[in-house]
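Participant: Let me give you the structure first, and then I'll get to my questions.
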Amino acid sequence: MTARVVPDDAAGRVAAIEVLEAGGIVALPTDTVYGIAVALDTPGGIERLFEVKRRPPERGIMLLLDDAAQAARIAVMTPAAAALAAAAWPGGLSVVAPQRPDRPLPDVLTGGARTIGLRVPDHDAPRTLARAVGPLPTTSANVSGRPEATDAASIMVQLGEEIDLVLDGGPAGGSAPSTVVDCTGDRPAVLRQGALALADLIAVLDRAGVRHDLR
């Protein structure tokens with residue numbers, strides 16, 4: 001079945017929420033690149049994301065959130081994670097934080113790790129969907145090894161037969177994926193440099209009095 005393409009407007013977001021609540025996969029715009037998402041509690045949903053993307057299952061994926069309050073319900077927000085989230089969310093920053101022991105997550109989501117990647121994007125569409133259905137397991141809208149899709153047409157070429165709905169928000173808003181910072185240890189470490197500059201990370205951590213080795 002070919003995915004349905006709907007505009008990223010109020011009606012389109014309602015349709016996307018309905019698809020997610022029914023266990024389907026939605027491609028959605030963010031402030032960086034397009035992603036594909038599924039509701040966290042969908043049986044077999046995360047596994048289907050991996051199958052659609054042809055992504056190795058040992059590589060975990062992150063959650064897109066509505067706001068920092070959702071993050072605190074999923075993860076232990078360490079001083080570094082809290083400082084970076086306060087300064088850079090919504091925006092092009094992902095933090096990796098320890099899972100809350102009272103909020104276990106599927107091993108397939110995290111690659112078996114006791115940590116989780118979190119981001120609040122600077123785009124209303126994913127935040128609206130996360131507000132309605134909860135934190136969204138999301139990965140970039142492309143087949144692994146192929147270029148990230150930057151619009152609905154390129155999503156349809158790569159994934160149109162594998163997903164259920166495309167929320168068409170026009171060309172992707174950013175040329176770089178999010179910067180990823182590991183905040184699980186004593187000192188934060190940059191896992192991927194992306195939309196948020198290293199100098200900005202350093203400035204935030206310095207202001208918060210968080211010790212680090214970033215240069």
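Participant: Taking the C-alpha atoms of region 72-174, how large are the radius of gyration and the largest Cα-Cα span, Dmax, in Å?
Facilitator: Final numbers for Rg and Dmax: 15.3, 43 Å.
Participant: Given the DSSP H assignment, sum -39500 (n - 2.57) over each helix run of at least 4 residues in the chain and divide by its residue total; what's the result at 222 nm in deg cm²/dmol, nearest 500?
Facilitator: -9500 deg cm²/dmol
Participant: Report the accessible area of M77, computed with a 1.4 Å probe over the heavy atoms of all protein chains in place, in Å² rounded to the nearest 10.
Facilitator: Using a 1.4 Å probe on the heavy atoms, I get roughly 50 Å².
Participant: Return the sequence-ordered ³J(HN,Hα) values of region 11-26 in whole Hz as given by the Karplus equation 6.51 cos²θ - 1.76 cosθ + 1.60 applied to θ = phi - 60°, using x for Gly and Pro.
Facilitator: With the stated coefficients, region 11-26 comes to 5, x, 5, 4, 4, 5, 4, 4, 5, 4, 5, 8, x, x, 10, 10 Hz.
Participant: Once the convex hull of the C-alpha atoms of region 122-200 is built, how many Å³ does it hold per residue, rounded to a whole number?
Facilitator: In region 122-200, the Cα hull volume divided by residue count equals 138 Å³.
Participant: Quote the relative contact order of the chain in percent (integer), defining contacts as alpha-carbon pairs under 8 Å separated by 6+ residues.
Facilitator: 31
Participant: Return the long-range amide H neighbours of M62 (sequence gap of 5 or more, or a different chain), with a cut-off of under 5 Å between placed amide H atoms.
Facilitator: T138
Participant: Looking at [x] 15; [y] 26; [z] 33, which value of percent of Cα pairs over 31 Å apart comes from a calculation on the structure shown?
Facilitator: [x]
Participant: Follow-up question, since we're still on this one. For the chain, give the share of DSSP beta bridges that are antiparallel, in percent and rounded to the nearest 5; count only bridges with both residues there.
Facilitator: Bridges in the chain that DSSP calls antiparallel: roughly 60 percent.
Participant: Skipping prolines and chain starts, which residues have an amide H placed within reach, meaning under 5 Å, of the one on V166, given they are 5 or more residues away or on another chain?
Facilitator: When sequence neighbours closer than 5 places are left aside, the close amide H contacts are R4, V5, V6, A27.
Participant: Explain nothing, just the number: relative contact order of region 171-215, from Cα pairs under 8 Å at least 6 residues apart, as a whole percent.
Facilitator: 34
Participant: Please tell me the relative contact order of region 59-102 in percent, rounded to the nearest whole number, where contacts are Cα pairs under 8 Å and at least six residues apart.
Facilitator: Taking the mean separation of contacting Cα pairs over the length of region 59-102, I get 43 percent.
The values are calculated or read from the model by the stated rules, or taken from the named source; none is laboratory data. Note that the structure is a prediction, hence the values are computed from the model and not measured. Surface areas here come from the heavy atoms of the whole protein model, side chains and all, with no ligands, DNA or RNA. Shrake-Rupley method; radii C 1.70, N 1.55, O 1.52, S 1.80 Å.
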